[in-house]
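Contents: one structure, followed by commentary.
The values are calculated or read from the model by the stated rules, or taken from the named source; none is laboratory data. Just so you know, these numbers come straight off a predicted model, no measurement behind them. Don't worry about glycine lacking a Cβ; one is built from the backbone with ideal geometry, like all the others, and counts go over all protein chains shown.
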Amino acid sequence: MMTEKKLLEDLTPEIESTGLKWYLTFAAFFIVFCVGIYALVLQIDKGHIVTGMRDNVVWGLYIVNFIFFMGLSYAGALISGVLHLFHTGWRKPVIRMAELITVISLVIGPFFIFFCIGRLDRLPFLVMYPRIQSPITWDVIAISTDLVGCFMFLYLSFIEDFAILRDYRELNVPPWKHKVYKVLSLGYTGNEKQKKILKNAKNVMAAMIIAIAIIVYSVLAWIFGVTLQPGWHSTIFGPYFVIAAVFSGTGLLIILMWIFRKIYHLEEYITKRHFVNVGVLLTIIAAFYGYFTFSDYLTKWYGSIKMDSLLIDRLFSDYYSLFIFANYVGILIPCIIIAFPKFRTIPNITIAAIIAVTALWVNRYIIVIPTLETPFLPIQDIRPDWIKYSPTWVEWSLTFAGISVYGMLFMLVSKIAPIISISEMKEKDQIEILK
Amino acid sequence: MKTLISRTLIILSLLAIASFYSFSQESTKISPYVQLQYFKDNSDNSSLKTTLTYSKNRMEIPLKGMKIIFYSGNEKKNKIAEAVTDEKGVAVCDLKEKSDFSSDATGQWSFSTEFEGNDTIESGSAELSIRDVILKMDLAEADSVKTITLNAEKMENGREVPASGEMLTVYVPRMFSLLPVGDVTLDDSGNGSLEFPADLPGDKEGNITIIARFEEHPEFGNVEKTATLKWGVPSSYTVPKGHRALWTKVAPLWMIYTLSILLTGVWGHYLFAVISLIRIRRNAKKDESSDLRNI
């Protein structure tokens, strides 16, 4: 049984001191970020000619990353919301990570839209002259609403921890951090009335972010679904995107569990049981995701509409290896690893998660790019590089810059508050005492 | 020895830098693309059009404000006009008042255009040989069948001869571009006809414009005849006031209702969360003040 004192002793050292490894890792991320900034400056100066995007393929790596990061965000929201509402016993050490995935992904994702827009000066027009018939307007409204909601839910879940850290006399942090804890804890003392108010607010927001996550990611899917492009015009794109998002988010949660467990020595808190439980969740979602993928491609293939057939031919020729990796390897390997108890070790489950997340990114790529490379109107005497997309180093640099910012934000947050919620763990403690 | 080597290196470096600059200036000079076209409109007014562009990053960029000289004649060139290119890189020479240009033995006119170039752009020129053609269009309706009859005669050795075997295209202007209605190939007497479709929408009175055209013809250039008459199906494109659709300014009502309900629901819950935070803060303040009173 863990007391609050032990929890604080175990989880606060990461807030109190920063080691050389932390600085080195942060510096590595920062260098990647700076290369991305250089690439961005080059793109602003020279224009989109420095990217692989041309007349036909007007959405490239940036949109792939946007969908991917937004998917991670909604998955984080769904997982944290569901785990919170259903009071799942094993949730406590992982729920904070899921909440952070939600907010950090949601902050990074929209930047890729800005990279993709050729005329950034026209961006305010979206707000100045909105047309609510446009799915782009729905997306702007949905993402901003989601961002506010997720920040509020994250803050609500942090209040108790801020109060605990504020009252922890032995916490050796600079005075400004003490001030931050004092201000952000809102004077929370944990009396019955405050507990009740906070619990109600968290429950309401947990339910709300689940609903918003589903709506918002469906809106993103509809941006593709409502167009008459081959491969996009599909009625199941909304639920398909939601399932795919949860698949990638669950995978990322496992990867982050492994990283933080290793770095902050949280073996006592994040155990094999947590990996297996989240792994089983990943397998179930993988099965759903596989079902949706098969259903989508089967109906397109059987329907034999000319453009759909052309697209499927392209997927099984130019994109053969990527298609097989995204839709077979990425689904079957995680299922096989986690389905057999013999393979259920922490490293194996983490490898399965890495495969799942990578496959999902590739899946986004083969949803966006091959469709744009299959235009409705035949084009004669066109240069191959005008229709065939290949990302340039500028796009890759900005992609890796996005990932590095992801890492940096996680590292910075872990210096403000524990990566495992002390209040949640303490709650478990009380339940066990009652039992 | 050391001094000699260092001096040699300095001289070589200076030479390298000088040659780099001189070569780089050479290579930055733009090679323009000059295109010369001949046009003859419905009123038989002729003109020459020169387009001056260059290629950059596989894009055709117009050269604006450049002086273009137009000439007639083949061996002995006579300057007929000067013009400056506009924003699209186009300079036009109206041939209406300048009909004194000479033709060769077969009756063909020779034209040429020149751009002299400047410090940054190379010079360029283009040539064109044109045979005058007289195009006539006749529109007749009999038993609800609308027929376009075309006749073309070209000038050969000072006399008009039928332009047999040549092909014209008939168009109808639509919202974004010209709709090809059909092709007409002229017979031995220079005549050809085409049945006009009866189901093409016109304006609200049925007016429709018909264009018959030799397009980029190697001998005649661009020659056209147009006519507007009530051969279209009367169509009204006015959208009823207050109509709501995906493409109108105001959205359909169901969409506004759905969005309003969703946003009110969500932001209402956010408001509840904010009020909860305020209540927590107030409760904490109340506790603090009662603690102080107890002290």
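Of all residues in the stretch A:65-94, which are among the β-branched types (Val, Ile, Thr), under 18 Å from the mean Cα position of the chain (by Cα) and surrounded by fewer than 24 Cβ atoms within 10 Å (Cβ to Cβ)?
Taking the stretch A:65-94 as the starting set, the residues that turn out to be among the β-branched types (Val, Ile, Thr) are A:67, A:79, A:82, A:88, A:94.
Narrowing further to those that are under 18 Å from the mean Cα position of the chain (by Cα): A:67, A:79, A:82, A:94.
Result: A:Val82, single match.
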Discussion item. A:Val219 - would you say it is part of a helix (DSSP H, G or I), in contact with an Asp or Glu (Cβ under 6 Å, 6 or more places away or on another chain), under 25 Å from A:Phe153 (Cβ atoms) and more than 10 Å from every other protein chain (Cβ to nearest Cβ)?
Written reply: yes
Worksheet item: Restricting attention to the stretch B:52-71, and to residues there that are crowded, with 16+ Cβ neighbours inside 10 Å and touching a residue at least 40 places away in the same chain (Cβ under 8 Å), which single residue is farthest from B:Val34 (Cα to Cα)?
Response: B:Tyr71
Worksheet item: Looking only at the stretch A:159-171, which residues are surrounded by fewer than 23 Cβ atoms within 10 Å (Cβ to Cβ), part of a helix (DSSP H, G or I) and either away from chain B (no Cβ under 12 Å) or touching a strand residue (DSSP E or B) at 6+ places or on another chain (Cβ under 6 Å) (or both)?
Response: A:Asp167
Item to complete: Give the stretch A:248-285 a look and list any residue that's surrounded by fewer than 18 Cβ atoms within 10 Å (Cβ to Cβ) and farther than 11 Å from A:Thr350 by Cβ, or say none.
Response: A:Ile263, A:His265, A:Glu267, A:Glu268, A:Thr271, A:Lys272, A:Arg273, A:Val276, A:Asn277, A:Val280, A:Ile284
Worksheet, complete the sentence: Flagged in the stretch B:234-260 as within 12 Å of another protein chain (Cβ to nearest Cβ) and either part of a loop (DSSP other than H, G, I, E, B) or more than 13 Å from A:Ile132 (Cβ to Cβ) (or both), in numbering order, are B:Arg244, B:Ala245, B:Leu246, B:Trp247, B:Thr248, B:Lys249, B:Val250, B:Ala251, B:Pro252
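Determine, yes or no, whether A:Ile214 is of a type outside the set (S, T, N, Q), within 20 Å of A:Val357 (Cα to Cα) and either touching an Asp or Glu at 6+ places or on another chain (Cβ under 7 Å) or within 14 Å of chain B (Cβ to nearest Cβ) (or both).
Numbers: of a type outside the set (S, T, N, Q): yes; within 20 Å of A:Val357 (Cα to Cα): yes; either touching an Asp or Glu at 6+ places or on another chain (Cβ under 7 Å) or within 14 Å of chain B (Cβ to nearest Cβ) (or both): yes.
Judged against the criteria, A:Ile214 is a match.
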Discussion item. Among the residues in the stretch A:356-377, are any free of Cβ contacts under 8 Å to residues at least 40 places away in the same chain and within 21 Å of the chain's Cα centre (by Cα)?
Written reply: yes
Worksheet, complete the sentence: Pairs returned, first residue in the stretch A:288-307 that is in contact (Cβ under 8 Å) with a residue 60 or more places away in the chain, second residue that is part of a helix (DSSP H, G or I) and of a type in the set (D, E, K, R), beta-carbon separation under 7 angstrom, 6 or more apart or interchain, are A:Lys300/A:Asp308
Fill in: Matching residues, the stretch B:264-293, being within 7 Å of chain A (Cβ to nearest Cβ) and not basic (Lys, Arg)
B:Val266, B:His269, B:Tyr270, B:Phe272, B:Ala273, B:Ser276, B:Leu277, B:Ile280, B:Asn283, B:Ala284, B:Asp287, B:Glu288
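So which helices (runs of 4 or more DSSP H) are wholly in the stretch A:301-412 and hold at least 1 residues that are surrounded by fewer than 16 Cβ atoms within 10 Å (Cβ to Cβ) and modelled with pLDDT of 90 or more?
On the way: elements: A:306-315, A:320-324, A:330-339, A:346-372, A:384-387.
It comes to A:306-315, A:320-324, A:330-339, A:346-372.
Could you please let me know if A:Ala201 is crowded, with 19+ Cβ neighbours inside 10 Å, within 14 Å of chain B (Cβ to nearest Cβ) and modelled with pLDDT under 90? First the steps, then the outcome.
Values: crowded, with 19+ Cβ neighbours inside 10 Å: yes; within 14 Å of chain B (Cβ to nearest Cβ): yes; modelled with pLDDT under 90: no.
In short, no.
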Discussion item. Anything in the stretch A:308-324 that is out of contact with any helix residue (DSSP H, G or I) (no Cβ under 6 Å at 6 or more places or on another chain) and free of Cβ contacts under 8 Å to residues at least 40 places away in the same chain? List them, or say none.
Written reply: A:Ser309, A:Asp313, A:Phe316, A:Ser317, A:Tyr320, A:Ser321, A:Ile324
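State whether the residues of the stretch B:225-246 include one that is of a type in the set (D, E, K, R) and at pLDDT below 90.
Let us first name the residues in the stretch B:225-246 that are of a type in the set (D, E, K, R), namely B:225, B:230, B:241, B:244.
With at pLDDT below 90 added as a condition, the list becomes B:241, B:244.
Yes, the stretch B:225-246 contains a residue that is of a type in the set (D, E, K, R) and at pLDDT below 90.
Return the total of residues in the stretch B:209-224 being more than 23 Å from the chain's Cα centre (by Cα) and modelled with pLDDT of 95 or more.
Pass one, the stretch B:209-224, residues more than 23 Å from the chain's Cα centre (by Cα): B:219.
Adding the requirement that they be modelled with pLDDT of 95 or more leaves none.
Adding up the residues that qualify gives 0.
Which one is nearest to the chain's Cα centre (by Cα), of the residues in the stretch B:128-159 that are of a type in the set (D, E, K, R) and surrounded by fewer than 14 Cβ atoms within 10 Å (Cβ to Cβ)?
My answer is B:Lys136.
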Item to complete: From A:Tyr188, A:Tyr155, A:Tyr181, grab the single residue that is over 21 Å from A:Trp222 (Cα atoms), within 11 Å of another protein chain (Cβ to nearest Cβ) and part of a helix (DSSP H, G or I).
Response: A:Tyr155
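Condition check ((1) surrounded by 15 or more Cβ atoms within 10 Å (Cβ to Cβ); (2) without any contact (Cβ under 8 Å) to a residue 12 or more places away in the chain; (3) among the small types (Gly, Ala, Ser)) across all residues:
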| site | (1), (2), (3) |
| --- | --- |
| B:Ser177 | no, yes, yes |
| B:Asp183 | no, no, no |
| B:Asp188 | no, no, no |
| B:Leu200 | yes, no, no |
| B:Gly206 | yes, no, yes |
| B:Val223 | yes, no, no |
| B:Gly232 | yes, no, yes |
| B:Gly265 | no, yes, yes |
| B:Leu271 | no, yes, no |
Worksheet, complete the sentence: A:Ile31 fails exactly one of (1) closer than 30 Å to A:Ala244 by Cα; (2) at pLDDT 90 or above, namely (1)
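Is there a residue being of a type in the set (Ser, Thr, Tyr) and modelled with pLDDT under 90 anywhere in the stretch A:44-51?
Here is the first cut: in the stretch A:44-51, the residues of a type in the set (Ser, Thr, Tyr) are A:51.
If we keep only those that are modelled with pLDDT under 90 too, we end up with none.
No, the stretch A:44-51 contains no residue that is of a type in the set (Ser, Thr, Tyr) and modelled with pLDDT under 90.
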Worksheet item: Can you pull out the residues in the stretch A:116-139 that are within 14 Å of another protein chain (Cβ to nearest Cβ), charged (D, E, K, R) and more than 18 Å from A:Phe66 (Cα to Cα)?
Response: A:Arg131
Item to complete: For the stretch A:395-404, indicate whether the set of residues that are of a type outside the set (Ser, Thr, Tyr) and within 30 Å of A:Asp161 (Cβ to Cβ) is non-empty.
Response: yes
